[in-house]
Amino acid sequence: MLPYWEAREKVVATISAQAARPAVETVPLEASLGRVLAEDVSADRDYPPFDRSTRDGFALRAADLGQIPATLKLLGEVKAGEAFAGRVGAGECVQIMTGAPVPAGADAVVMVEYTELKGGHVVIKRTVESGANVVPRGSEARAGARLLERGVRLGYPEISLLCQVGNARVLVYRRPRVAVLSTGDEVVPVDAQPGPSQIRNSNSFSLAAQITASGGEPVLLGNARDELGELERLIRRGLEEDLLVLSGGVSMGKHDLVEVVLRKLGAEFFFDAVAIRPGRPAVFAACQGKFVFGLPGNPVSTMVTFLLFVAPALALLSGAAAPPLRFLKARLAEPVKQRTELSLFLPARLEGTHSDVAVRPLAWQGSGDVVALAESDCFLVVPHNVSELSTGAWVDVLPRNG
């Protein structure tokens, strides 16, 4: 049974070594959020393309401010989107607006707050050094410089940058199609009225949400009963997609048949248990050229194991690098005790603001308690070798990510 970090590394290493690079497609810029860039993007010109003022004020020569106050002749003004036709000489200045090109001859901008307009002259009441309040041409990027690398996932800053360099259409990798299959005789459709011992199929929809948030395209296959023929038929259908994610049927019970069917279909198992709670009976395998995850059926277990193992797999299958697993640090708001040698991922909530942040574990009734998880915004991570954590201790926190 692997520690969770080794299981995650196994997923990343295996898929990195074996998965083919995904196909590419071109999408409109407005449809590119969350997609993975399939080409490098370079600057089409210098950025900024001119010496740019960062303040409203007056463009001048810093050398003219040897004695303060200094009175300079006002030549005119320049707004953003315009250019001043003349040149600033000794004892002269030009009124300038934020974002406007700095006129030739000027090397600094004095903020308007430190000036006084007197007819055709301006009294400057504060000295500045050369370059003050000016962003030099090409200081952000030179023409031809690489701005974005292939494999980056596009967020709003990257989309702004693509827009700035004129990319109205973007070459991206195709999103991986992920088959989602739940299992169990007790599972009924979400719109059904469950019997006394039945549950609605929440896992398919929570997994679909996590897949979408992770850059994949979910393909819902419904639910397979605990019957070998039906389960095999639906698993075969799932193997037609880029990735297959199952929930339920991976424990050691009499009716847990997922591994039985996968072995019949020639699967190679990389792990079938991880030393965590919830989520211990998680499976990662390859079958008929496709990767397969078998996740525990209890909803919280399903969500935790997806976050730890399936999310990095989806990043790789999307053409991106697997994101590192990063924990936040927070003070523990109340003590925690555990009686297991497994690493715990407990639903929790962050409290406080700014640097005074604490994390409070939520009361929950085990890995089927979605009510508690819906109240959480993170998981408190309790290491496998720690039996007790006291109030105020620094602990690891894993954001819930959706």
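Any read-out appearing in this document is the output of simple, stated calculations on the displayed coordinates, not a laboratory observation. These numbers come from a predicted model, not from an experiment. Cβ placement follows ideal geometry from the backbone for every residue including glycine, while neighbour counts extend to all protein chains displayed.
Brief remarks follow.
- Signed unit charges on C-beta, dipole axis of the chain, positive-most listed residue Y47, V357, A322: Y47
- Using C-alpha pairs under 8 Å with a sequence gap of at least 6, the mean separation divided by the residue count of the range 107-151 gives a relative contact order of 37 percent.
- In the range 52-135, Rg over Rh equals 0.91, where Rg is the alpha-carbon radius of gyration and Rh the Kirkwood radius from pairwise Cα distances.
- Net charge over other residues, Cβ less than 13 angstrom from the Cβ of N167 (K, R count +1; D, E count -1): -3
- Length-normalised contact order for the chain - Cα pairs under 8 Å, 6+ apart - percent: 16 percent
- Of the trypsin sites (Lys or Arg not before Pro) in the range 268-363, those whose Cβ has at most 11 other Cβ within 10 Å and which sit in DSSP loop: R326, R339
- Alpha-carbon centroid distance for the pair the range 155-172 / the range 9-72, whole angstrom: 10 Å
- Principal-axis tilt of helix 202-213 within the chain, Cα atoms, nearest 10 degrees: 30 degrees
- In the range 197-233, the GluC sites (Glu not before Pro) that fall in loop regions by DSSP, at most 13 other Cβ within 10 Å: E227
- For the chain, the longest principal axis of the Cα atoms and the long axis of helix 4-18 meet at an angle of about 80 degrees.
- Rounded, prolate or oblate (a/c below 1.5 giving rounded, otherwise prolate when a/b exceeds b/c) for the range 328-399 by Cα gyration tensor: oblate
- Charge dipole (debye, nearest 20) of the chain; +1 at Cβ of Lys and Arg, -1 at Cβ of Asp and Glu: 400 debye
- Restricting the trypsin sites (Lys or Arg not before Pro) of the range 30-62 to loop positions (DSSP other than H, G, I, E, B) with no more than 16 neighbouring Cβ atoms within 10 Å leaves R45.
- Approximate shape of the chain as ellipsoid semi-axes (Cα gyration tensor, √5λ), whole Å, largest first: 58, 27, 17
- The alpha carbon centroids of the range 303-325 and the range 378-401 are separated by 22 Å.
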